[in-house]
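What follows is one structure encoded as structure tokens, with my remarks underneath.
Quick note: the coordinates plus some simple rules give every number you see, no bench work behind them. Every value quoted in this text rests on a predicted model; they were computed, and no experiment measured them. Positions of Cβ are backbone-derived with ideal geometry, glycine not excepted, and every protein chain shown enters the neighbour counts.
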Amino acid sequence: MIKRITTFAFSVLLSAATMAQTTAPAQNEKAPQRMRNQPRTFTLTVVDAAKTKIDTAKLGAAFRSVYPPFAVADGYRTKREVTMRIIDTAKTFTMKAVPGEIVANGKWLKNKKNLAAFQQLLNDALHKNWTSVDTIKKDGYSLVFINKNSNFDATIQKNLIETYFEVYPKLVSMFNDKATHDVVFVTDTAYNGVAEASGNRILFATKYMNKFPFDVDVVTHEGMHLVQGYGYSYGRDLVWLTEGIADFVRYKYGVDNVGSKWFLPSFKAKDKGYRDSYRTTARFFEWIDQKVKPGIIMQIDKELRNGTFKDSTWKDLSGKTLDELWAAYSADPVLHLIYSSKNV
């Protein structure tokens, strides 16, 4: 059988950065390192087994309007190479679509009205695995909450939404007023981590959130990643810095770290150093803020975002190199720590 095959490719810049928080509060495992996102190419290959002379340009336009935005919200693991098969073996069949595959009836598509309706039908078909989509707007900020798990606790969803509107505007105001005001939350049953941020989207693992329903400050950590903007753009060598700042901000501005049993670990001589990342680094940063000079970490974050950060920035701001700061911290790591709690 001769098949008519047409391939379209669309490059879409999804985000400047991808970050992840993938450890439960009681564990010390580190998140897998992910590098800065590159423009993502979405490819549609149309395999016309029916040889019906379909207007493939219109099919491509419909795909471009629907699939990349769907994939952005659905998750960066969503298939980017899509095959569309046009068949003529079913009389009553119209079309169906799942990530990575579209099947349509060629005879049905030949009707101009049906071809015009294809875009909306494609959109509806792809979103069938979304249990609900809610849009909330408040004081110049918006949140689209996409729930892909029918068993996700509605109370957890409510608490995540409340945390976003309580914390995220504050982080934007304090750290980066150019950060997006429009954020997407996605709950996903297939994701096995905790949460991760990319572009303007935060992905939550429903398995984790249902198990640890009080860990609402996942929103604070991941929300800070959206505000940071630079992500892992400095390479793997500074992933510890990106994640350390996010956990430092969680300590400073989280709404209920006590409720989630999240704490900064006490210093131990066996600690590898400031590159341990996450909470170990965050405690070191809090020591700098308390014992050396307030505001240094905020300035480091700013210079990372502006592209002016260098290894010498630490000495420029504090009078000591990073290694010298860690040595001083190791010699006297005592801190007065106060944790946020909704019950106080």
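Using the rule -39500 (n - 2.57) for each DSSP H run of four or more residues, divided by the residues of the chain, the 222 nm mean residue ellipticity is -11500 deg cm²/dmol.
Placing a label point 7 Å from the Cα of His181 along the Cα-to-Cβ direction, the residues of the range 194-235 with a backbone N closer than 20 Å are 199-202, 223-229. Once the Cα atoms are used to define both axes, helix 322-331 deviates from the longest principal axis of the chain by about 50 degrees. Computed from Cα atoms, the angle from the helix 278-287 axis to the main principal axis of the chain rounds to 40 degrees.
Of the residues Ile296, Ile136, Ile202, the one with the fewest other Cβ atoms within 10 Å heads the list, and the complete ranking is Ile136, Ile296, Ile202.
Counting Lys and Arg as +1 and Asp and Glu as -1 over every other residue whose Cβ lies under 13 Å from the Cβ of Glu222, the net charge comes to -3. The antiparallel fraction among DSSP beta bridges confined to the range 67-136 stands at about 45%. In this structure, the amide hydrogen of Thr131, modeled 1.01 Å from its nitrogen in the peptide plane, lies closer than 5 angstrom to those of Asn147, Lys148, Asn149, counting only residues at least 5 positions away or on a different chain. Here the chain yields Rg over Rh of 1.07, to two decimals, using C-alpha coordinates and the Kirkwood radius. With a cut-off of 14 Å on the backbone N, the residues of the range 304-344 near the modelled label site 7 Å out from Ala269 along Cα-Cβ are 330-333. Between the helical axis of 296-306 and the dominant principal axis of the chain, each derived from Cα atoms, what acute angle in degrees is found, rounded to the nearest 10? It is inclined by approximately 30 degrees.
The range 126-141 and the range 266-331 have Cα centres spaced 38 Å apart.
A cut-off of 5 Å between modelled amide H atoms, ignoring neighbours fewer than 5 places along the same chain, links Val184 with Val144, Arg201, Ile202.
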